[in-house]
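Worksheet: the structure to be examined is printed underneath.
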Amino acid sequence: MTTKADIVWNIAIKLGVEAPKMSTGSTEPREIFDLVNNTLGLGIDRRLTKPDMARQIVEAAGLPWNAHYESSGGTVTKVGLEAVLEAVEHFVA
């Protein structure tokens with residue numbers, strides 16, 4: 001079974017950067033979205049929430065963002081992280 005940590009690790013590998021440490025409770029680190037933004041030069045505002053940054057990354061790749069990609073706690077869900085990974089793959093392919 002793939003975990004959020006696995007997906008974060010895969011995103012980092014695709015970008016050619018070191019994976020950030022995971023927070024407690026499998027909350028994805030904000031740093032992964034900053035790494036995507038900076039490495040790909042997307043110009044996304046760093047002051048956005050994690051779900052908003054993830055949404056901008058996904059939409060920058062021309063992919064749709066779905067409501068179930070984020071949770072009410074201000075985090076990105078596992079399927080949301082998978083969408084970010086797909087977006088990264090789009091840019092680095």
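No lab work stands behind these numbers, since they all come straight from the coordinates. Quantities reported herein were computed from a predicted structural model and do not represent experimental measurements. FYI the Cβ positions are ideal-geometry reconstructions off the backbone, even for glycines, and counts take in every protein chain you see.
Show that you can apply the helix-only estimate: for the chain, add -39,500 (n - 2.57) for every DSSP H stretch of four or more residues, divide by all residues, and state [θ] at 222 nm to the nearest 500.
On the way: 4 runs with 49 residues, N = 93.
Value at 222 nm, helices only, nearest 500: -16500 deg cm²/dmol.
In the neighborhood of residue 73, defined by Cβ-to-Cβ distances under 15 Å, what is the net charge if each Lys or Arg adds +1 and each Asp or Glu adds -1?
Numbers: positive: 4, 30, 50, 78; negative: 28, 52, 70.
Summing Lys and Arg as +1 and Asp and Glu as -1 gives +1.
Report the local net charge at residue 92: Lys and Arg +1, Asp and Glu -1, summed over other residues whose C-beta lies under 13 Å from its C-beta. Walk me through the numbers on the way to the answer.
Values: positive: 14; negative: 86, 89.
Around residue 92, the surrounding residues sum to -1.
Work out from phi, with θ = phi - 60° and the Karplus expression 6.51 cos²θ - 1.76 cosθ + 1.60, the ³J(HN,Hα) of each residue of the stretch 52-64, listed in order in whole Hz, and give x for Gly and Pro.
Residue by residue, the stretch 52-64 yields 5, 5, 4, 4, 5, 4, 4, 5, 5, 8, x, 9, x Hz.
Along the charge dipole of the stretch 29-93, Cβ charges K/R +1 and D/E -1, which of 43, 58, 72 sits furthest on the positive end?
Result: 72.
Tell me, which longest segment in the chain has none of the trypsin sites (Lys or Arg not before Pro) that fall in DSSP loops with at most 11 further Cβ atoms within 10 Å?
Between the exposed loop sites, the longest stretch runs 48-93.
Counting Lys +1, Arg +1, Asp -1, Glu -1, what net charge surrounds residue 48 among other residues with beta carbon under 13 Å of its beta carbon? Spell out each step's value before the answer.
Details: positive: 30, 46, 47, 50, 55; negative: 34, 45, 52, 59, 70.
Around residue 48, the charge tally is 0.
Which of rounded, prolate or oblate describes the chain when judged by the alpha-carbon gyration tensor and an a/c cut-off of 1.5?
Rounded.
With the crude spin-label approximation of a point 7 Å out along Cα→Cβ, what separation in nm comes out for residue 5 versus residue 72?
So the label points at residue 5 and residue 72 sit 2.8 nm apart.
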